[in-house]
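A short write-up of the structure that comes next.
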Amino acid sequence: MPSSMSRGSLPQVLRVLVQPHDGVAPVAALIDAAQSTVVVKMFTLTSPVLLDALAGAQARGVRVRVMLNPARSSGSRANDEAEGRLRAAGVAVAWSSPRFAVTHEKSMVVDGRTALIATFNFGDKYFQTTRDYGLLIEEPDAVREILSGFEADWRRQEFDPPPGSALLWSSRNAREGMAALIDSAEHSLAVQHPKFSDTAILDRFLAAQDRGVHLRVLCGGRHGISPSDMLDTFGALRILRRAGVRVHKQHGLRLHAKLLVADGKTALVGSMNIDRSAFDLRRELGAVVTDKHALAVLLGRFDADWDESRRYEPPDPMALHLHTEATLPPDADLDHE
C-alpha cells in the first residue's frame, strides 16, 4: 500500500534532546542566549525555570512572544498562571488560535535562526519523569516555516505548509506524512507512542507487517489515556499483537514521546499522537529527519528502552474496570490530549 506523497526531510539536526536525561537546562540556555527575538507556541508552560528565562529575555530587550493553549479538552486550564506572570513581565502573550480545538504544538524559535520542535511541554514533569524528545534545528527553510506557522496562528489566519516540506502540520498534512513514513519502511519500523486511535494509521501498520517489515511497538500502557481513548488504543494494540506485531510497554518512565523510525534511516518526531483528533482537529507540529547522528541518538534510545521493557498484553477494552497497572500512579496532569 505505498503512498504517492513526496516529502522532504531534515538532513541536519543541531542536537537531539532526550528527556529526562537532558532536563530543562538546554532549553533555558537557548532562551538565555537570545539576542533579538523569542517566539514560543506551547500546550502547557508551567516550568518556573523557563518562565524566569522568558521574563529575563524580555527584560534585557529581547522581543518575546508566547502563544499558549487556553484549555485542555477536559476544560481544565494549565496556563492561566503563566499567562499572568508573562504579561506582568512585559511579554506579549496570546491564547492560541480558535481555529483549532486544542493547540498541542510544542515549538520555539530563537533569533529567527534556531528552532526547537518537541514532544515535551515546558513543564517540570516533562523534564523529570517522562520519556520525550526534542529536535534543535537551524535549517533555514524549516525555521522560516515554523515562524510562518506561528505568525498565521498569532494573527488567526490560514496557514498552508509548502509542498515537499520536511515538517508535518495538523490539521494539514500530518496523517498523510505519517502514513508515507510507515509506507516507506522496507525492513524495520520502531514505534514509540502512547496512543493508537486512528484506524488509517493502524491499517498502515498492518500493511507493513504483512509485507514483512520487522515492527516493534513500544507503548505506555494506560498511562495518561482517557477512558474513551483506552477503548481504541487497547483495541488497536490487541489487533497488532494478533497480527504478529511485537508490543512492549515502556519501563520506569512515563511514555509521552511520539517517535517513529523507518529502516533506521528516517524518523518522525512531533507533538501529534496517533489519534484522529490530533490529525484533524488540533494544531500539531512534527518533523521528518534523516540526519545520521540524530537517527543514531533516537534509535539508540528506542533500542535501550525496548531492551528494558517487557512484552505487554493489552487488556480487553470491554473489561477495563477489571484492569490495573500498578507500576506508575495515575497523574491527570500528564493526560495525552
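Quick note: the coordinates plus some simple rules give every number you see, no bench work behind them. Note that the coordinates shown come from a computational prediction; the quantities given were computed from them, not determined experimentally. Positions of Cβ are backbone-derived with ideal geometry, glycine not excepted, and every protein chain shown enters the neighbour counts.
Here are some notes:
- Once the Cα atoms are used to define both axes, helix 140-154 deviates from the longest principal axis of the chain by about 80 degrees.
- Normalising the average separation of contacting C-alpha pairs (under 8 angstrom, six or more residues apart) by the number of residues puts the relative contact order of region 15-154 at 32 percent.
- Each Cα pair of region 174-319 feeds into the Kirkwood radius, which the Stokes-Einstein equation turns, at 10 °C and 1.306 mPa s, into a diffusion coefficient of 105 µm²/s.
- Every Cα-Cα pair of the chain was included, and the share exceeding 27 Å stands at 40 percent.
- The tail of the calculated P(r) for region 22-114 beyond 24 Å holds 16 percent of all Cα-Cα pairs.
- Ascending count of other beta-carbon atoms within 10 Å, so fewest first, for His21, His256, His193, His104: His21, His193, His256, His104
- Cβ-placed point charges (K, R +1; D, E -1), dipole of region 167-334 about Cα centre in debye, nearest 20: 100
- Positive minus negative residues near Lys41 (Lys, Arg vs Asp, Glu; Cβ under 10 Å): +1
- In plain terms, the residue of Leu218, Leu168 with the fewest other Cβ atoms within 10 Å comes first and the most crowded comes last, giving Leu218, Leu168.
- Greater than 19 Å apart at Cα, pairs in Lys265/Lys292; Lys106/Lys292; Lys125/Lys258; Lys125/Lys265: Lys106/Lys292; Lys125/Lys265
- For Ala92, neighbours were defined as the other residues whose beta-carbon sits under 12 Å from its Cβ, and their charges (Lys and Arg +1, Asp and Glu -1) total +2.
- A simple charge model with +1 on the Cβ of Lys and Arg, -1 on the Cβ of Asp and Glu and nothing else charged puts the dipole of the chain at about 80 debye relative to its Cα centre.
- Mean separation of Cα contacts under 8 Å (6+ apart) over length of the chain, as relative contact order %: 22
- Its Cα centre serving as origin, region 25-118 has a Cβ charge dipole (Lys and Arg +1, Asp and Glu -1) of approximately 220 debye.
- Distance cut-off 24 Å, percentage of C-alpha pairs in region 28-180 lying past it: 29
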